[in-house]
Amino acid sequence: MKTLGNNMRLIIALIAIAILASFFLMDRESEIPAEDRISGAYQALNALGAQRTYPFRQIPEKAHFAAYQQAVAMRAQKNKTMQDIPEWEAIGPMNMGGRTLAIAFNPQNSSTIYAGSASGGLWRSYTEGRGAEAWEYISTGFPVLAVSSIAFAPDDSMTMYIGTGEVYNYTAAGTGAAFRSTRGSYGIGILKSTDGGVTWEKSLDWTYNQQHGVWMIKVNPLNPNTVWAATTEGVYKSTDAGTTWSRSLDVI
């Protein structure tokens, strides 16, 4: 009997300790701020909901179906509008990826197209760009990666110029949405061909200025000897068909 009484007292003592411990833990938890007791998952769900209901506390009851009806109406209007717009057709090349910086049509034969790529040089198609084998690479004989502009002399499919080099945010000029003040692809200035792209020669020679780029070339439609070039170094002009150049506007 004495052993039984001791066991009972031990059990009662353990229960009392457990009760006191629970009260202690409850007191400690009450000291923790409410926001700290909320789980991160709960807070993330609240944030997700707040983004969709702002500036209200919840989405209006009628809003969900009303939005659906509006989406259906907008889709119907778009389909009606698109019926009158000719569809675009991809004409290639289909066997490689990359960006095209410039396109020019042969002024005497619109089926012949030249394309300047961002890092793959100059390309040509005799089939309006159609077909899996429509495009061929045109070697210039120079280490040209980026062809940013292509221009023909007026009514002369044999004489053409290409501007080379692609530069991002040159000397922090802040052009476009580019923030890297580096080159994109190497260029060497302007090249010229007088035999329809078979052979090429240097026109504006920037062979040792790899950071420079030529963005646009325009030939005077009334005088093929006058050529303009928009570059990272400013606007350049030639009055002798690209033999010599002078800077006419010092603007980056």
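The values are calculated or read from the model by the stated rules, or taken from the named source; none is laboratory data. Because the structure is a prediction, the values reported are computed rather than measured. A quick note on method: Cβ atoms are made from the backbone with ideal geometry, for glycine too, and the neighbour counts reach across all protein chains shown. SASA here: full protein model, heavy atoms, side chains in, ligands and nucleic acids out. Shrake-Rupley method; radii C 1.70, N 1.55, O 1.52, S 1.80 Å.
The rows are residues; the columns are (1) within 30 Å of GLY184 (Cα to Cα); (2) open to solvent by less than 90 Å² (accessible area, probe 1.4 Å); (3) of a type in the set (Asp, Glu); (4) in contact with a Gly (Cβ under 8 Å, 6 or more places away or on another chain).
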| position | (1), (2), (3), (4) |
| --- | --- |
| ALA71 | no, yes, no, no |
| GLN77 | no, no, no, no |
| GLU89 | yes, no, yes, no |
| ALA102 | yes, yes, no, yes |
| ASN106 | yes, yes, no, no |
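Cβ-Cβ distances below 8 Å connect the following pairs, each with a first residue in the range 198-227 that is part of a loop (DSSP other than H, G, I, E, B), a second residue that is aromatic (Phe, Trp, Tyr) and surrounded by 13 or more Cβ atoms within 10 Å (Cβ to Cβ), and a separation of six or more residues or different chains: TRP200/PHE142; GLN210/TYR186; GLN211/TYR170; HIS212/TRP206; GLY213/TYR170; ASN220/TRP228.
Scanning the range 114-123 for residues that are buried (at least 18 other Cβ atoms within 10 Å of the Cβ) and in contact with an Asp or Glu (Cβ under 8 Å, 6 or more places away or on another chain) returns a single hit, TRP123.
Looking across the range 242-251 at every residue that is touching a strand residue (DSSP E or B) at 6+ places or on another chain (Cβ under 7 Å) and part of a loop (DSSP other than H, G, I, E, B), the one that is surrounded by the most Cβ atoms within 10 Å (Cβ to Cβ) is identified as GLY242. Within the range 204-250, being touching a Leu at 6+ places or on another chain (Cβ under 6 Å) and under 22 Å from LEU101 (Cα atoms) holds for GLY234, VAL235.
Have a look at ALA21, ALA66, ALA132, ALA34 and point out the one that is modelled with pLDDT of 80 or more and not basic (Lys, Arg).
Details: ALA21 fails: modelled with pLDDT of 80 or more; ALA132 fails: modelled with pLDDT of 80 or more; ALA34 fails: modelled with pLDDT of 80 or more.
Step by step, each of ALA21, ALA66, ALA132, ALA34 is checked, and only ALA66 is modelled with pLDDT of 80 or more and not basic (Lys, Arg).
Of the residues making up the range 230-246, those that are in contact (Cβ under 8 Å) with a residue 60 or more places away in the chain and under 14 Å from ASN220 (Cβ atoms) are ALA241, GLY242. For the subset of the range 196-230 comprising residues that are of a type in the set (Ser, Thr, Tyr) and in contact with a Lys or Arg (Cβ under 9 Å, 6 or more places away or on another chain), which member is farthest from PRO107 (Cα to Cα)? Going through the qualifying residues, I end up with SER203.
Limited to the range 142-164, what total is found for residues that are part of a loop (DSSP other than H, G, I, E, B) and farther than 25 Å from GLN211 by Cα?
Pass one, the range 142-164, residues part of a loop (DSSP other than H, G, I, E, B): 142-146, 154-155.
Of the ones still in play, those that are also farther than 25 Å from GLN211 by Cα are 154-155.
Matching residues across the range 142-164 total 2.
For the range 194-241, residues that are of a type in the set (Phe, Trp, Tyr) and either loosely packed, with under 12 Cβ neighbours inside 10 Å or under 18 Å from MET158 (Cβ atoms) (or both) total 2.
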